[in-house]
Amino acid sequence: MSRLKTKDRPYDLVLFGATGFVGELTAEYLAAHAPEGLRWALAARDERRLQALRERLPGGAAVGVLRADVTEPATIRALAEHARVVATTVGPYGRYGEDLVAACADTGADYLDLCGEPEFVDLTYVRHDARARETGARLVHACGFDSVPHDLGVYFTVRQLPEGVPLTVDGFVTADASFSGGTFASALDQFARPRQLLAAARDRARHEPRLMHRRTSAPTGAPRFAPEVGAWALPLPTIDAQIVRRSARALERYGPDFRYRHYAAVRHLPMALGGVAAVGAVAAVAQLPPARRWLSDRLRPGDGPDAEKRARSWFTVRFVGEGGGRRVFTEVSGGDPGYGETAKMFAEAALCLAFDELPPTAGQVTTAQAVGDALTERLRAAGIGFRVAAIR
């Protein structure tokens with residue numbers, strides 16, 4: 001691993017997609033919470049909107065502005081060359097994201113995104129992990145609600161359990177919040193590409209080093225009533241369980257045999273059945289291009305709820321971990337997951353990569369692997385709860 005001289009670059013951090021809905025929230029968070037002396041810039045394709053955003057930010061006069069457009073590869077390369085850390089909200093990432101990953105991997109800039117698209121993450125691993133390891137770049141996907149509370153929540157839970165023994169953890173998600181337009185667009189893209197998604201996963205498996213003397217798994221599981229949380233548990237078809245499994249592969253603290261299962265927790269059976277039916281219907285409709293376009297027009301990337309709705313939103317993820325004769329119940333909780341808390345997680349992860357003392361990692365890495373302890377403490381200080389509810 002040979003980290004290039006990124007400290008000589010003009011900016012510690014560049015936020016790409018700053019004029020989008022989550023991008024603006026992230027910019028506002030950074031302006032309010034960035035450490036003194038942070039050299040940072042806003043980037044997007046519309047320079048007039050960038051200038052207007054900068055003028056609205058506290059201390060905005062000190063914030064740089066960079067024009068970059070995913071349809072102009074030279075501007076994306078220049079973006080990576082100007083920053084130590086690049087944080088991008090520009091999705092769906094499968095359509096718009098790979099050139100920036102490639103540029104960061106090649107120039108040694110750290111990269112992070114809000115991607116919840118398994119196919120994109122697998123493709124970037126196969127195509128860019130090796131180069132990032134050579135330059136020292138850290139490529140960190142899924143740095144919002146997908147998948148920070150789940151990845152760091154499991155990491156937090158594992159540390160409450162004995163070392164060197166087989167461990168199991170189940171995660172149960174409850175939330176009252178609106179979908180983001182970007183998340184909806186990414187989900188539609190993935191539902192429409194089942195064969196490509198499977199092919200990318202198989203290609204990644206061929207390239208990943210074999211795990212010796214340890215096992216990790218993240219089975220889908222089946223719907224069930226979970227008495228440990230008093231709710232119906234529905235398997236969640238999201239990237240979160242895959243991210244957790246990759247953290248377990250990378251970190252021996254997860255033990256010699258680790259298993260994680262990821263669920264939505266629903267109190268009432270009719271609601272649970274309705275949720276399963278709704279996901280199945282969207283997945284079926286996504287196979288038909290005209291119907292998919294109609295659905296995508298209902299909620300576009302960049303759309304989002306008003307401040308009043310976000311203030312009423314919340315999430316809780318409860319974890320049940322077992323191993324070595326111990327059972328532990330933990331919880332990660334916060335406010336609006338899709339917008340406010342995602343912007344907080346994203347911004348703090350970027351600041352973590354820019355400034356904190358971290359383990360020596362490079363290539364495609366997870367949040368638990370790259371910034372686990374440091375980001376957990378940052379998020380706790382920022383108001384996201386990590387707590388042990390019970391140990392038995």
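The values are calculated or read from the model by the stated rules, or taken from the named source; none is laboratory data. Everything numeric in this text was worked out from a predicted model, so none of it was measured. All Cβ positions, glycine included, derive from the backbone under ideal geometry; neighbour counts span all protein chains shown. Each accessible area value is taken on the protein alone, full model and side chains, heavy atoms only, with ligands, DNA and RNA left out. Shrake-Rupley method; radii C 1.70, N 1.55, O 1.52, S 1.80 Å.
If you sort M345, M212 by accessible surface, 1.4 Å probe, largest first, the order is M212, M345. When a/c is below 1.5 the answer is rounded, else prolate if a/b is larger than b/c, else oblate, so apply that to segment 22-82 with a ≥ b ≥ c taken from the square roots of the Cα gyration tensor eigenvalues. Verdict is prolate for segment 22-82.
Most tightly packed first, judged by the mean number of other beta-carbon atoms within 10 Å of their residues, the peptides 318-327, 149-158 read 149-158, 318-327.
For segment 300-381, what does the alpha-carbon gyration tensor say about shape, rounded, prolate or oblate, given a ≥ b ≥ c as the root eigenvalues, a/c under 1.5 as rounded, and a/b over b/c as prolate? Judged from the Cα gyration tensor, segment 300-381 comes out oblate (a/c at least 1.5, b/c at or above a/b).
Segment 132-171 and segment 63-128 have Cα centres separated by 22 Å. Ligands, DNA and RNA excluded, the heavy atoms of T89 present near 30 Å² of accessible surface to a 1.4 Å solvent probe. Among the GluC sites (Glu not before Pro) within segment 1-92, those in coil by DSSP and having at most 12 neighbouring Cβ atoms inside 10 Å are E36.
When the residues H207, H128 are ordered by accessible surface, computed with a 1.4 Å probe over the protein chains alone, the sequence from largest down reads H207, H128. Restricting attention to segment 5-66, which trypsin sites (Lys or Arg not before Pro) occupy a DSSP loop and are surrounded by at most 15 other Cβ atoms within 10 Å? Here the trypsin sites (Lys or Arg not before Pro) that fit, given the DSSP loop and packing criteria, are K5. Is segment 49-158 rounded, prolate or oblate when judged by the Cα gyration tensor, a ≥ b ≥ c being the square roots of its eigenvalues, rounded requiring a/c under 1.5 and prolate requiring a/b larger than b/c? Note, shape of segment 49-158 comes out oblate.
Quick one: with all protein chains in place, what share of the accessible area of segment 23-80 is carbon or sulfur, to the nearest percent (1.4 Å probe)? On segment 23-80, the fraction of accessible area on carbon and sulfur atoms equals 49 percent. Taking the Cβ-Cβ separation of I391 and A311 as r and a Förster radius of 25 Å, what is the calculated FRET efficiency to the nearest 0.05? Given R0 = 25 Å and the Cβ-Cβ separation, E is 0.15.
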